[in-house]
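J.: Handing you a structure now.
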């Protein structure tokens, strides 16, 4: 070849390479650039590139994967409602995608569309007939939102695929606790512990159900002791179990909040006692502080702050029933007292085994103050 021709051939080759992107299909470079930006934490830039890539590849089956990734990216960005259409578009291109159906189910449940979530999980279950996870996901979603009949139905179907799964059996027991009563739940959990004696969630839930639903303190003590042998000992569940064991050693009759209501309310005197109580409380003199808080409410039994602080003092002293009563009185006096209601939920869940009541109180708190982070965090922990 005449060397002079290279000056024409080389520019032509470069033009072709630039135009077609080194052999890549339209939008492919944008797609991989988007993934790189995502890996680097540049979520907004990643979204822009990914959406541009999808437009460049309109009509391509490769967009099924791109839309799924877009849905996951939007989820990570907290834009849940936008994630749902992305997953749906991925499934429109290719309906036989098990992971995308599961992603769609989770996204729909997060937007409170439980019927749509169940439908997505059921379609996923049809694609993998031996896999219990989709039906289990549906059951857990319903359980987290208090729809126990629906939870039991889906968990039951999941158990047909893997009947000896201790996690599923435990979840089913909690659903049965709500739909069939404590005896059914206890029977199922006992079966789990026979098959897997060291399965801590079953041991813990047996202790809680025997203690509070079945009213069988002797059996509750056995299960809590077995649970503590298996647990790390440093988590909130272990603390709860130890508290329950301590309570089971105490007299069966729970103490009652006792004070003498005034004939005539005197807020000024009550505030004097309250100030003295706060000083004692801050100094770590809890017993003396409790006495002064009681004097404050005996001077004015409409003094909600005094009842709230009395609850905090009882909590510090480890007297959870009395703390719960004091917080309850504060809430009765002022239903919008979110701190008192939150602390009541805290005592109910971690120390008195009244998780259903705790959830109800937390939901009320969030209806009054949607951004109250302690309530958001506690409700998340309970549902997990």
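J.: Under 20 °C and 1.002 mPa s, how fast does the range 240-320 diffuse according to Stokes-Einstein, given a Kirkwood radius computed over C-alpha pairs? Answer in µm²/s, whole number.
T.: So the translational diffusion coefficient is about 160 µm²/s.
J.: When only C-alpha pairs under 8 Å and at least 6 residues apart count, what is the relative contact order of the chain, in percent?
T.: Rounded, it is 6 percent for the chain.
J.: Mind checking the angle between helix 148-161 and the chain's longest principal axis? C-alpha axes, 0 to 90 degrees, to the nearest 10.
T.: The two axes meet at around 60 degrees.
J.: Still on this structure, please answer the following. If you take the alpha carbon radius of gyration of the range 267-383 and divide it by 2.2 N^0.38 Å, what ratio comes out, to two decimals?
T.: Ratio of Rg to 2.2 N^0.38 Å for the range 267-383: 1.06.
J.: A further question follows. Distance between Cα centroids, the range 192-227 to the range 77-147: provide it in whole Å.
T.: Between the Cα centre of the range 192-227 and that of the range 77-147, the gap is 33 Å.
J.: OK, next. On the first, second and third principal axes, largest extent first, how far apart are the outermost C-alpha atoms of the range 96-202 in Å?
T.: That works out to 39, 26, 19 Å along the principal axes.
J.: Another question, then. Work out Dmax and Rg for the chain from the C-alpha atoms and quote the Rg first, both in angstrom.
T.: In Å, with Rg to one decimal and Dmax whole: 29.5, 116.
J.: Can you give the helix-only mean residue ellipticity at 222 nm for the chain, where every DSSP H stretch with n ≥ 4 adds -39500 (n - 2.57) and the sum goes over all residues, rounded to the nearest 500 deg cm²/dmol?
T.: Computed mean residue ellipticity for the chain: -24000 deg cm²/dmol.
J.: Expressed as an acute angle from 0 to 90° and rounded to the nearest 10, what is the orientation of the C-alpha long axis of helix 63-76 relative to the principal long axis of the chain?
T.: Taking Cα atoms only, the helix is inclined about 30 degrees.
J.: Computed over the Cα atoms, what is the radius of gyration of the range 164-253 divided by 2.2 N^0.38 Å, N being its residue count?
T.: Taking the Cα Rg and dividing by 2.2 N^0.38 Å, one obtains 1.03.
J.: If you fit an axis through the alpha-carbon atoms of helix 267-282 and take the longest principal axis of the Cα set of the chain, what angle between them do you get, 0 to 90°, nearest 10?
T.: The helix 267-282 is inclined about 70 degrees to the chain.
Throughout, read-outs are computed from the coordinates displayed, never taken from laboratory work. Keep in mind it's a predicted model, so treat the numbers as computed, not measured.
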